[in-house]
Amino acid sequence: MEYRKNEMVTVRIDDIGNDGEGIGKIDGFTLFVKDAVIGDVVEAKITKIKKNYGYARMEKIIAPSPFRVEPECVFHRQCGGCQIQAMAYERQLLFKQEKIRNNLIRIGGFDAGLIDKIMEPVVGMEHPWHYRNKAQFPVGYDKNGNLITGFYAGRTHDIIPNTDCLLGTVENKKILETVLSYMRENKVSAYREQTGEGLVRHILIRTGFASGEIMVCLVINGTTLPKEKELVKKLTALSLAENVSAVDKDGRPGNAEENRKCDEKTADRKKIVSISVSTNTERTNVIMGKEIRVLWGRGYIEDSIRILGAPEETRVNFRISPLSFYQVNPGQTEKLYSLALACAGLTGKETVWDLYCGIGTISLFLARYARKVYGVEVVPQAIEDARENARINGIDNAEFYVGKAEEVLPEQFEKEGIRADVIVVDPPRKGCDDKCLETMLAMKPERIVYVSCDSATLARDLKVLCGGGYELRKVQGVDLFGGTVHVEVIIMMQYNSQQVGMGKEKN
Ligand code: SAH
């Protein structure tokens, strides 16, 4: 049967695509239907036809899936942020579990039996709302020329004027509205991407969930803002503490118990401690500029993370500057890092390398239980933060290198003859560089712990590591990004000399 563009069809959704879209078949012809949930029967309009498959837009739900829930956010379909908000949270977790499993089998070449034996269920959140500690809001104009801020609509750069995203903190709204009112009153323009004119591009807000400290950074297409003191005056006059009680209504930020405690501790301490501008005059999609200038307060916020089950004294404090990477979901991060530490299996005697270490978050936990930790990270400011973080926590057995993991590690190994008992890696989505993997294999650490935010590149890298003598011992997802299709994975591998070369033949 031939299908045409704009044709209406009825389709049962029986699978989920990588981007969270529903997948269904009509007479063997595969259709990808955005916003449809697995188990739905929907009426959809075909928007694009390819040879063996097509795309369609959901027009009407004929029979809702048992996994379908009423989306909490009115902008859910327009916004690119939460692709699977209409799916029950438990089903979201199962989807993430299957995504990791499939990638390990299809891309990694692992045996399904092995994966099923060692893979643990994805660790979910108790309340998958208000969990993000950071957001970057684009600033622009609506059709009528009114100043707005919010989020980009899916796959576009049109701004949806939503200052009250349910994934972010409840204080964001007040802060954003204050910045907009400063802009209106002082005739400060927003940046226009099409022409490269105008001043304010983005507003970055970052909150320390344990400390209550908030950072506001305006990314501008220039070096100064008109009447900077006015902005500072307005923001510092804001009373944010009263907002905290509003958190109850939609569920607490992040996961219940830990953050509830944090919240109670910080309820009267939620306050802006840092206001800065970042200059970005490039015509690029990169949000932050390279330089930060502090307008008021400090150039950073502090926050702390605790290893679950460990004594309160082992809590690590972090100093976070606008340009440094810091996990966006602090509640789940504690679970992730606790798992990473358990996987590292430290006794106090080990030399550990923590590659892609950011501001030293994982490194400093490892340092509490290892003989020596070396961290490697490419962003110089993050390493400055890492060194400062080691100092403020009284940790003197962690050393940090600025540079690419694939350059620093081989250099140290080949020239200095360094060794490792355990290597921890936490690379960005593109995964590890070949040279980095090769050096890890040559260093032969007893264990490798791989923390990944992309199970496809993870699977690709594991194929190399397991081909070089490592045995996959543990696989577990941790949900840091409820409502979205993203999932973090933690892997533990153990060196097994008898296995060298086996993986390669098998794969
Ligand atoms: N482990 C840290 C950071 C993980 S995010 C944490 O949990 O907080 C990945 C980090 O890798 C980022 O800080 C990024 O700047 C850094 N990075 C990206 N490419 C890199 C490379 N080639 N070598 C070293 N670090 C890199």
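Here is how the numbers come out for the structure above:
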item	result
222 nm mean residue ellipticity, helices alone, for the chain (DSSP H n ≥ 4; -39,500 (n - 2.57); rounded to 500)	-8500 deg cm²/dmol
Per-peptide average of other Cβ atoms within 10 Å, ordering 357-366, 486-495 highest first	357-366, 486-495
Cα centroid separation - the range 51-120 against the range 439-463, whole Å	25
Highest to lowest packing among 228-238, 444-454, scored as the average C-beta count within 10 Å	444-454, 228-238
Sites Glu197 and Asp164, calculated FRET efficiency, Cβ-Cβ separation with R0 41 Å, nearest 0.05	0.90
Computed over the chain: relative contact order in percent, which uses C-alpha pairs under 8 Å that are six or more apart	12
Inter-label distance for Tyr3 and Glu230, nm, one decimal - labels placed 7 Å from Cα along Cα-to-Cβ	5.5
Solvent exposure of the range 315-403 as accessible area per residue, Å², 1.4 Å probe	32
Full-stretch length increase - Ala342, Glu59 - with 0.36 nm per residue and alpha-carbon distance subtracted	97.1 nm
Per residue value of the accessible surface for the range 1-76 (all protein chains in place, 1.4 Å probe), Å²	60
Segment Glu312-Arg298, extension gain: residue separation times 0.36 nm, minus the distance between their alpha carbons	2.4 nm
Violating pairs (Cα-Cα greater than 25 angstrom) within the set Lys25/Lys50; Lys430/Lys474; Lys270/Lys372; Lys372/Lys430; Lys117/Lys430	Lys270/Lys372; Lys372/Lys430; Lys117/Lys430
Carbon/sulfur fraction of accessible area - the chain, other protein chains in place, 1.4 Å, %	49
Karplus-derived HN-Hα couplings along the range 478-495 (A = 6.51, B = -1.76, C = 1.60, θ = phi - 60°), whole Hz, x at Gly and Pro	10, 7, 9, 9, x, x, 10, 8, 7, 8, 8, 10, 10, 10, 10, 10, 10, 6
Simple spin-label estimate for Lys444 and Tyr141 in nanometres, 7 Å along Cα-Cβ	6.7
Linear extension gain, Arg77 paired with Asn397, 0.36 nm per residue minus alpha-carbon span	110.3 nm
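The values are calculated or read from the model by the stated rules, or taken from the named source; none is laboratory data. The shown structure was predicted, so the numbers you read here are calculated from the model rather than taken from an experiment. Neighbour counts are summed over all protein chains in view; Cβ atoms, including those assigned to glycine, are modelled from backbone coordinates with ideal geometry. We work out accessible area using only protein heavy atoms, side chains counted, and drop any ligands, DNA or RNA first. Shrake-Rupley method; radii C 1.70, N 1.55, O 1.52, S 1.80 Å.
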